[in-house]
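The values are calculated or read from the model by the stated rules, or taken from the named source; none is laboratory data. Keep in mind the model is a prediction, meaning the values are calculated, not measured. Because the Cβ atoms are built from the backbone with ideal geometry, glycine has one as well, and the counts that use them run over all protein chains shown. The area values use the complete protein model at the heavy-atom level, side chains included, leaving out ligands, DNA and RNA. Shrake-Rupley method; radii C 1.70, N 1.55, O 1.52, S 1.80 Å.
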Amino acid sequence: MNALLKKAKSSPRALNREELTSLLLCTEPEELFRAAYEVKLRTIGKRVSLRGLIEMGNLCSKDCLYCGIRKSNCNTARFQLDEDSVIRMAKWAYDARYGSIAIQSGEIESEAHTALIERILLRIRDFSGGKLGVTLSLGEQTEEVYRRWREAGAHRYLLRIEESNPHLYAKLHPAGHDYARRSACLDLLRKLDYQVGSGVMIGLPGQTETDLANNILFFAEKDLDMIGMGPWLPHPETPMGKDFADTLDFRQKQLDLGLRMIAVTRLYLHNVNIAATTALQTLAPDGRERGLLAGANVIMPNVTDTQYRANYQLYTGKPSLDENSDETRQKLQASIRAIGEEIIWDQRGDSPRYFQRKEQL
Ligand code: SAH
Ligand code: SF4
């Protein structure tokens, strides 16, 4: 194990599939986390970037079998924030010195929606003088739509591949949810010069350690700038979650696997942005901080008004549903300081990998 960790630390992409798998399964995870944290310190520093997360709406045209806001779930009230509300939340994040926001919602493909996002982006550019970073996470769209949003000021896009094994992908989605299109969308985003983020759900039924290692190889193959991944959490109103026995033991395993994936991804890719996602915090109150110590460097605190949060439950048990954005900010500041890390305020926190790739071209 020590020899493997040494090799992984010395240069990016140094391991093969079997070596990635053996690190994922290693018997001394604390050593794995320490090695990944070392690489994070060397490539990023003791720094955490924030993205204020705006959950803009839960209308979705898709029916992913794991997701609580899938279109067939009739037990959730649907909402969509209007333009002024999104701008108000974006301004809040800007004034709170977050440096960046991420706008996320279900997948909607329509001219009205495209134009709404475009107007929002232009207003954000306007009030922040182009300083506030904007990540979009609005699903699969056409090249034209991605281009319009890029031109209006979005510069990062997060589209998880969910699982890079097409056979397993097919089991997680109903017909008409096309793996090839999703993968092609990542290529379009790269072509349009977005900083491209993707990721997977971890610990899915039927997902093996080899699948997880292959997911990390997929991140490298797509040369991603940012990785956003987290444990799968069963939602009782979904086909995958409805009869699932959600035990304490299962939750501990999901957390452990989530942390291991962060660490091995950091050790393999070195200078990408990696998010410590809310799903980790759902499994343990200090889940995100543990994610940072296993090699992540980005946190996405929710800045959506609390009144909407209960209806944006991709999975259940999401923390901070009734904690307002001010409280979240204070707590986060304290908990990050407590692990000896520092938030970088007022900066977009772009991916070092993005600039390195541009230099290499
Ligand atoms: N509709 C957009 C963005 C919103 S969904 C899209 O799908 O890209 C954001 C992410 O939530 C998804 O990519 C998925 O990985 C995650 N997600 C959905 N249901 C989940 C669950 N039950 N457990 C963990 N993550 C889930
Ligand atoms: Fe819609 Fe995204 Fe949920 Fe799939 S994961 S149902 S696309 S919100």
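Pop the C-beta distance of THR27 and GLU143 into the FRET formula with R0 = 56 Å and round what comes out to the nearest 0.05. In this case the efficiency is close to 0.75. Expressed to the nearest 5 percent, the antiparallel share of DSSP beta bridges inside the chain is 5 percent. Sorted on the mean count of surrounding Cβ atoms within 10 Å across their residues, most packed first, peptides 30-38, 15-23 read 30-38, 15-23. Ordering PRO236, ALA180, GLN313 by the projection of their Cα atoms onto the charge dipole of the chain, which places +1 on the Cβ of Lys and Arg and -1 on the Cβ of Asp and Glu, puts ALA180 at the extreme positive end.
Once label points are set 7 Å from the Cα along Cα→Cβ at both ARG13 and ASP322, what is their separation, rounded to one decimal in nm? Placing both labels 7 Å beyond Cα along the Cβ direction yields 5.0 nm.
Look at the dipole of the chain built from charges on Cβ: of LEU212, THR43, THR282, the Cα furthest out on the positive end belongs to THR43. The mean sequence separation of alpha-carbon pairs under 8 Å and at least six residues apart, normalised by the residue count of the chain, gives a relative contact order of 26 percent. Going down the table (LYS171/LYS222; LYS91/LYS331; LYS62/LYS171; LYS6/LYS318), which pairs top 26 Å between alpha carbons? In this structure, LYS6/LYS318 lie more than 26 Å apart at Cα. Counted over all Cα-Cα pairs of the stretch 56-149, pairs farther apart than 15 Å make up 62 percent. Absence of a disulfide-compatible partner, taken as no other cysteine beta carbon within less than 4.7 angstrom, is noted in the chain for CYS26, CYS60, CYS74, CYS185. Note on the stretch 223-352: percent of Cα-Cα distances in each 5 Å bin, starting at 0 and stopping at the bin with the largest distance, equals 2, 10, 18, 21, 20, 17, 8, 3, 0. Computed extension length for LEU217-PHE250: 9.3 nm, one decimal, from 0.36 nm per residue of separation with the Cα-Cα distance subtracted.
Can you tell me the relative contact order of the stretch 94-166? Whole percent, Cα pairs under 8 Å, sequence separation 6 or more. With pairs under 8 Å counted, the relative contact order is 37 percent.
Taking the convex hull of the alpha carbon positions in the chain and averaging its projected area over all directions gives 16.5 nm².
Shape summary of the stretch 1-89, radius of gyration then Dmax from alpha carbon positions: 21.1, 55 Å.
Only DSSP H runs of four or more residues enter the estimate; each adds -39500 (n - 2.57), and after division by the residues of the chain the mean residue ellipticity at 222 nm equals -14000 deg cm²/dmol. Surface composition of the stretch 17-115: carbon and sulfur atoms hold 52% of the protein heavy-atom accessible area at a 1.4 Å probe. In this label model, LEU361 and ASP187 are separated by 1.7 nm, measuring between points 7 Å along each Cα→Cβ vector. Over the C-alpha atoms of the stretch 148-283, the Rg to Rh ratio, Rh being the Kirkwood estimate, stands at 0.97. Measuring nothing but protein heavy atoms, the accessible surface of the stretch 269-361 at 1.4 Å probe radius is 47 percent carbon and sulfur. Semi-axis lengths, largest first, of the ellipsoid equivalent to the stretch 118-190 are 29, 11, 9 Å, with √(5λ) applied to each eigenvalue of the Cα gyration tensor.
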